[in-house]
Each structure stands twice: as C-alpha cells, then as structure tokens.
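The structure under discussion appears below in the form of structure tokens.
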Amino acid sequence: MAAQSRVSSRGRHLATKMPTFFHVLKDQWNPESNPQGIVNIGLAENTLMQEEMKAFINSHLSVESHALTYGDGFSGSIKLKKALCHFLNHHFRPHTTLVPSHMVVTAGASNAIECCAWSLCDPDDYVLIGRPYWTTFRTMLGNRASVNVLEIQFEGLDPFSLEAVECFKEAYKRATEEGKIVKAILLCSPNNPLGRCYPQEVLCSYMRLCNDLDIHLVSDELYALSVWENLELENPIPFKSALCFEAKNLMNPEKLHVIWGMSKDFGATGLRIGCLISQSNKQFLDACESISLFSFPSSLADNTVAELLADDSFTEHFISLNRARLSDNYRHITGLLKERGIPYSQSNAALFVWVHLGAVTRNRAATDGDILECLHREKVYVTSGLTYASEEPGWFRIVIAHPKHVLEEGFKRIVRAIA
Ligand SMILES: Cc1ncc(COP(=O)(O)O)c(C=O)c1O
C-alpha cells in the first residue's frame, strides 16, 4: 500500500510535528545505570523536590467511589477547584477573590493554552508574543487550533521594559494593515526562557494596551512561585500576578485570563494538572468546559492535588524549600560559569539561566547549530536560542533545577563541547 494512503493528509502533517526531545527521555544519563546516557539539563523540569513530593503523594493517595466516575464533570472536581482557590488566593493575592466558577481545571498548562486558542481565536488568527519565547507556544496554539504566533522583536530593548510594550503596539498596527486578525497578547510571566519577572508598571501597561486594541491578555504564570533569591541583583523584580490589579481600571476584565499549574512550581509535569482562570468571562469558560472531555486529568491526580493544595503547612514548606534550592543551584552554576568566563544574563525566576556560549566557543564562527551539534556529540542536552526565537545568536538555556551532580556533569560536557 502506498505510504501516503496510510493516514490522512492531516495525519501526515501531524506526524512531522513530533517533539524533538523524546530521544533524550529514552537515554537519560545516570552515573550508575546509564553512564553513557544524555545529561538532560535542557527540558524544563524540576527534580529538586521529588523526595518531598513522593512522600506526600504516597501517604495521601486514596480512592473513593467518586474517583471511578465522571466525577463533577470534565473540568476538575469541585474539591480541586476549592483547593486551587484557597491556594491561589493566598499566593497570588488576586484583587477579586477567586471562586471555583472562575476556573476550569485542565490537563496541564499546555491544555489551558490550547483552550485559549480554541475559544478566544478563530483559525488563522494571530497571537502576539515577544522574543525570545518558548516556541512550543506555536505548537499549542497552532497544531490543532490553527492559530498563528506573531513574534515581536525588541531590537536590543529590554523585553521587560515599557518600551517593549510599544513594540507590541507597532506590530499590532502593522499586522492589521496587512489584514491579519490579532486576538491576543500572550505573556509568559515569569518568563521562559529568560527567568525574569515583569515589573508591575509593565504589566499594567500590557493590560492598558489590550484595552486600547480590544484584544485579550493571556498571562501564563506557570512559574509564579519559583522565584528565588539572587544576591547579584540589586533590585530583583518580584512576581506579581496579573490578577492582582483591579482589572476594570486597566482593561476589559472579560479579556484577562491567567494560567497556572502544578508542572513547574511543584515539580510535577507528570501529574498533568493545570488551570485556566477567567474571572469575568463565563462564556469563555463554558466554551473550554465543552471541549474538556477530550483532555481532562485523571481523578487520581485531581484528588491528590486537591489534598496537597489544601495542606498549608506542606505547601509553605515545599515552596520555601524549592526556592532555597533553586537559589543555591543558581549560585552554584553561575559560580562555574564565572570560573570559565562564560557570560550569562541574571535571572531570579523559573528554572533557568540564560548563557552566552557563543561568546566563548573556540571556533568564533560557530553558529548555534554548530554549537548544538558539539553539545549533542558530548551527550548533553541544553536548548539553544533557536528554540526560543532569540534575536541574538549564541544564547542557550540551562535548566538549574536538578541535583548538583547532574549540573556538574552537564557543565563538564558543555565545557568540552565548546572548547
Ligand atoms: C511557559 C510554559 N507554559 C506551559 C508549559 C507546559 O506546561 P504543562 O507541562 O503543564 O503542560 C511550559 C512547559 O515547559 C512552559 O514553560
């Protein structure tokens, strides 16, 4: 049978869109069981808190009859929504207290982002995102819902500045002149890959701009609580949720949406628990709920996370220990970078340090692709600025949220790759 008749043309297209890191997962380095494997300090996962998380889950997993049914519907149990409200009201300090009717629970943040594509946009519409950015947003918005990303260039301006907001305005104007339909700005706050938070006045400025342009603001706050102490920064910017502001003073509250989940702040990408919050747009949440059958988390994850988020002493301890470990690791890895004279950009949030390997490669003409090839040969997985549509070549993202022996092995291999 001819190869192209095995699947539809849509199927063929999807088959070309496989994530590029699956080979890493199949061959992960372990000093004892797989010393020849790939050291993975590229994928955005946090393994620093696994012992604490496993201990909690293993002592709290319990199954009731409710868990063997469709439960309270497909968008999260009432128990989980109440626990999320309890937790986020404390940690995000929203201006309007969160209640369960303000949210849908999703299978991870990815699914929440796709819900925005399905229900805020039509096929071929555009969402504006500033560079560098986590380009998997393209997959989430585009693969199934056919929504495009319009990348915003800053040409040397600080992406966290008020001037950067102006670049969005200009890009919007140009796009509409070209006949493109722009429906939203997507902010990643704190930012992946740069590991920084947006100042309060900049967040307000994005909200005002969305009001002026009558578009949505989607704030992906998946790394909200992974903000750590960086003693090298004189005035570190703390995280502030877009929910903290009285939305109606800045924009149409119907157009403000926030995403959070368990994947990063609780080091639990495998649980697949995310949430999409929209405090004034019931129709949007109804639209999301109507498609929730296709991807909602297992009741086992739902129930465990509900128990966890309601347990204040566990969450307080977990979050502060996570922050302390991230801070310690940041100090450790930047110490190694300094010893080798590798430039890096300061960060105090998320799981990353953004390093300029291009500035120190022996072959100064090496492209990002060349450097990636050397890293690949040394069996260390880090992602290059190409993955983030970086405007400047030579930058790479290192994930710092792994035990020190993993970081050290990874760093050794990076040094060999660029020497
Ligand atoms: C900014 C951002 N949003 C969403 C996701 C997807 O998270 P999840 O595993 O919860 O789907 C990631 C994962 O790296 C991310 O970095």
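Taking region 56-90, which chymotrypsin sites (Phe, Trp or Tyr not before Pro) meet the DSSP loop condition and have no more than 10 other C-beta atoms within 10 Å?
For chymotrypsin sites (Phe, Trp or Tyr not before Pro) across region 56-90 that sit outside H, G, I, E and B with at most 10 neighbouring Cβ atoms in 10 Å, the list reads Tyr70.
Put simply, the amide H of Leu150, placed in the peptide plane, has neighbours under 5 Å in Val127, Leu128, Ile129, leaving out anything fewer than 5 places away on its chain. For Cys85, neighbours were defined as the other residues whose beta-carbon sits under 14 Å from its Cβ, and their charges (Lys and Arg +1, Asp and Glu -1) total +3.
Where the accessible area of region 129-263 is counted over protein heavy atoms with a 1.4 Å probe, how much of it, in %, is carbon and sulfur? Heavy-atom surface of region 129-263 belonging to carbon and sulfur, 1.4 Å probe: 45 percent.
Here the Karplus curve 6.51 cos²θ - 1.76 cosθ + 1.60, taken at θ = phi - 60°, turns the phi angles of region 12-20 into couplings of 4, 4, 5, 4, 7, 9, 4, x, 8 Hz, with x standing for Gly and Pro.
For region 220-232, the Karplus equation 6.51 cos²θ - 1.76 cosθ + 1.60, evaluated at θ = phi - 60°, returns couplings of 8, 10, 5, 9, 3, 9, 9, 10, 10, 7, 10, 5, 7 Hz by residue, with Gly and Pro reported as x.
For the set Glu32, Glu378, solvent exposure ranked by accessible area (probe 1.4 Å, protein chains only) runs largest to smallest as Glu32, Glu378. By the Kirkwood approach, averaging reciprocal distances over each pair of separate Cα atoms, the chain gets a hydrodynamic radius of 22.4 Å. Dividing the summed helix terms, -39500 (n - 2.57) for each DSSP H run of n ≥ 4, by the number of residues in the chain produces a 222 nm estimate of -12000 deg cm²/dmol to the nearest 500.
Return the carbon/sulfur percentage of the accessible area of region 1-90, one whole number, probe 1.4 Å, all protein chains in place. Carbon with sulfur: 56 percent of the solvent-accessible area. Dipole magnitude for region 63-311: computed about the Cα centre from +1 point charges on Lys and Arg Cβ and -1 point charges on Asp and Glu Cβ, it is near 360 debye. The orientation-averaged shadow of the Cα convex hull for region 63-311, equal to a quarter of the hull surface, comes to 13.2 nm².
Taking amide hydrogens as modeled 1.01 Å from N in the peptide plane, which residues meet the under 5 Å criterion relative to Gln28, leaving out close sequence neighbours? Amide H neighbours of Gln28: Ile38. Measure off, as a whole percent, the carbon and sulfur share of the 1.4 Å-probe accessible area of region 360-419, all protein chains present. Heavy-atom surface of region 360-419 belonging to carbon and sulfur, 1.4 Å probe: 54 percent.
Based on Cα contacts under 8 Å between residues 6+ apart, region 63-311 shows a relative contact order of 30 percent. Note that the chain presents 45 Å² accessible area per residue, ligands and nucleic acids not counted, probe 1.4 Å. The length gained by stretching the chain between Ser62 and Leu233 to full extension, at 0.36 nm per residue less their Cα-Cα distance, is 57.1 nm. For region 225-317, a crude dipole built from +1 on the beta carbon of Lys and Arg and -1 on the beta carbon of Asp and Glu, taken about the Cα centre, is about 460 debye to the nearest 20.
How about region 41-98: which GluC sites (Glu not before Pro) there lie in a loop by DSSP and see at most 10 other Cβ atoms within 10 Å? Listed in order of number, the matching sites are Glu64. If you take every DSSP beta bridge whose two residues both sit in the chain, what share of them, in percent to the nearest 5, is antiparallel? Bridges in the chain are about 50 percent antiparallel.
Considering only Asn303, Cys288, Pro19, the residue lying farthest towards the positive end of the dipole of the chain is Pro19, judged by Cα position with unit charges set on Cβ. Applying the Karplus relation 6.51 cos²θ - 1.76 cosθ + 1.60 with θ = phi - 60° to region 404-415 yields 3J(HN,Hα) values of 4, 5, 6, 4, 5, 5, x, 5, 4, 5, 4, 4 Hz, where x marks Gly and Pro. Just for region 63-311, what percent of DSSP beta bridges are antiparallel, to the closest 5? Percent antiparallel among DSSP bridges in region 63-311 is about 30. The coefficient of translational diffusion for region 1-140, derived via Stokes-Einstein from the alpha carbon Kirkwood radius under 10 °C and 1.306 mPa s, stands at 79 µm²/s.
Left without a cysteine partner by the 4.7 Å Cβ rule in the chain: Cys85, Cys116, Cys121, Cys167, Cys188, Cys197, Cys204, Cys210, Cys244, Cys275, Cys374.
The values are calculated or read from the model by the stated rules, or taken from the named source; none is laboratory data. All values reported here derive from a predicted model rather than from experimental measurement. Ideal geometry is used to build each Cβ from the backbone, glycine not excepted, and the neighbour counts take in all protein chains shown. Remember, those area values only see protein heavy atoms, side chains included, never the ligands or the DNA or RNA. Shrake-Rupley method; radii C 1.70, N 1.55, O 1.52, S 1.80 Å.
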